[in-house]
Amino acid sequence: MNYLIITKKIWNYKNYKIIKNKNFFVKKKINSSLIKRIKPRIIFFIHWSNIIPKNIYEKNLCIQFHSSDLPKFRGGSPIQNQILKGLKFTKISAFKVNSNIDKGNICMKSNLKLDGSAIEIYQSMEKTSLKMIKKLIKKKYLDFKPQKGKGSYFKRRISKDSNIKRNKIKNLEDFYNFIRMLDADNYPRAFLKYKKFNIKFVNAKKNKKYLSGEYKIEY
């Protein structure tokens, strides 16, 4: 049996050791010709935000991993939107891809902590998702169940949303959470504008009285 993992970003190559197998293929893009050639039993999507083409999920069993306790926090930027709501723990939901975004039937959930920087959370999500894959491929039959409870949907955050002034920052905890939730490669970092300058903040550390960290000034 062949399996295919499609992910836009590999956050830690060491995480992939648990599925190191000649029957596993890992790609950063959807490749229709590869899919036809290897005929994967399951296509897994990790850290994937693009629309999956209909001809892919209708002809193949596609399972996507979403970093929220679905049906809550469907849509974009689930990690950031949950941190902004004050959540410290969430779930990774593995669901069957269909035509409705993040509404497919669930086959597995696992716990995920929302502490540390965004990159640390993404690495943790990646590691947990791969462990879930290892469990799922051992099952002869996968049991998919409809999502239960009241759903919520959030839009994907864009660059201007990282402007600290556009957000309700009330205390040090808010500042810390805002900086850390955006602290990952290829993500719009927390920033402040001063005249023609952008001041970006990373590596935030917090104690009871103050925050420390690093900043970068761009012209």
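Whole-Hz Karplus values for segment 206-219 come out as 10, 10, 5, 10, 7, 10, 10, x, 10, 9, 9, 9, 10, 9 Hz, taken residue by residue from phi with 6.51 cos²θ - 1.76 cosθ + 1.60 and θ = phi - 60°; glycine and proline positions read x. Distance between the C-alpha centers of segment 45-94 and segment 166-219? Whole Å please. Each part's Cα centre sits 25 Å from the other's. Charging the Cβ of each Asp and Glu at -1 and of each Lys and Arg at +1, and nothing else, the dipole of segment 156-212 about its Cα centre rounds to 260 debye. If R0 is taken as 35 Å, the Cβ-Cβ distance between residue 51 and residue 212 corresponds to a FRET efficiency of 0.30.
Each residue of segment 19-25 is assigned a 3J(HN,Hα), and the resulting list reads 10, 5, 7, 5, 8, 9, 10 Hz, derived from the Karplus form 6.51 cos²θ - 1.76 cosθ + 1.60 (θ = phi - 60°), x at Gly and Pro.
Under 5 Å between amide hydrogens, built in the peptide plane, is the criterion, and for residue 28 it picks out 7 among residues at least 5 positions away or on other chains. Estimated from the Cβ-Cβ distance and a Förster radius of 30 angstrom, the FRET efficiency linking residue 197 and residue 170 is about 0.75.
Looking at the square roots a ≥ b ≥ c of the eigenvalues of the Cα gyration tensor of segment 1-67, which shape do they give, rounded for a/c under 1.5, prolate if a/b is larger than b/c, or oblate? It comes out oblate by the Cα gyration axes. Percent of Cα pairs in the chain per distance bin of 5 Å, from zero to the largest separation: 1, 6, 14, 17, 18, 15, 11, 8, 6, 3, 1, 0, 0.
The C-alpha atoms of the chain define a longest principal axis, and helix 118-136 lies at about 20 degrees to it. Treating r as the C-beta distance of residue 20 and residue 150 and R0 as 35 Å, the FRET efficiency rounds to 0.30. Note that segment 57-74 has calculated 3J(HN,Hα) couplings of 7, 7, 9, 9, 6, 10, 10, 10, 10, 10, 8, 7, 7, 3, x, 6, 6, 5 Hz, one per residue in order, obtained from phi through the Karplus relation 6.51 cos²θ - 1.76 cosθ + 1.60 (θ = phi - 60°); glycine and proline are x. Restricting segment 97-190 to chymotrypsin sites (Phe, Trp or Tyr not before Pro) that sit in a DSSP loop and have at most 15 other Cβ atoms within 10 Å of their own Cβ leaves 141, 144.
In segment 126-219 the Cα-Cα distances spread across 10 Å bins starting at 0 as 13, 31, 24, 19, 12, 2, 0 percent of all pairs.
Considering only protein heavy atoms, what per residue accessible area in square angstrom results for segment 59-106 with a 1.4 angstrom probe? Each step should come with its number before you reach the end.
Details: 1900 Å² over 48 residues.
On a per-residue basis, segment 59-106 sits at 40 Å².
For residue 44, nonlocal amide neighbours, meaning residues 5 or more places apart or on other chains whose placed amide H falls under 5 Å from its own, are 4, 5, 6, 63. Peptide packing for 42-55, 63-76, 90-103 was compared via the average number of neighbouring C-beta atoms within 10 Å per residue; ordered from the highest value, the list is 63-76, 90-103, 42-55. About its Cα centre, the chain has a charge dipole of approximately 340 debye under the convention of +1 per Lys or Arg Cβ and -1 per Asp or Glu Cβ, with nothing else charged. The distance between label points at residue 2 and residue 99 comes to 2.9 nm (points 7 Å beyond Cα on the Cα→Cβ vector).
The values are calculated or read from the model by the stated rules, or taken from the named source; none is laboratory data. This structure is a prediction, so every number in the text was calculated from the model and none was measured. Neighbour counts run over all protein chains shown; Cβ positions are idealised from the backbone, glycine included. Accessible surface areas use protein heavy atoms only, side chains included; no ligands, DNA or RNA. Shrake-Rupley method; radii C 1.70, N 1.55, O 1.52, S 1.80 Å.
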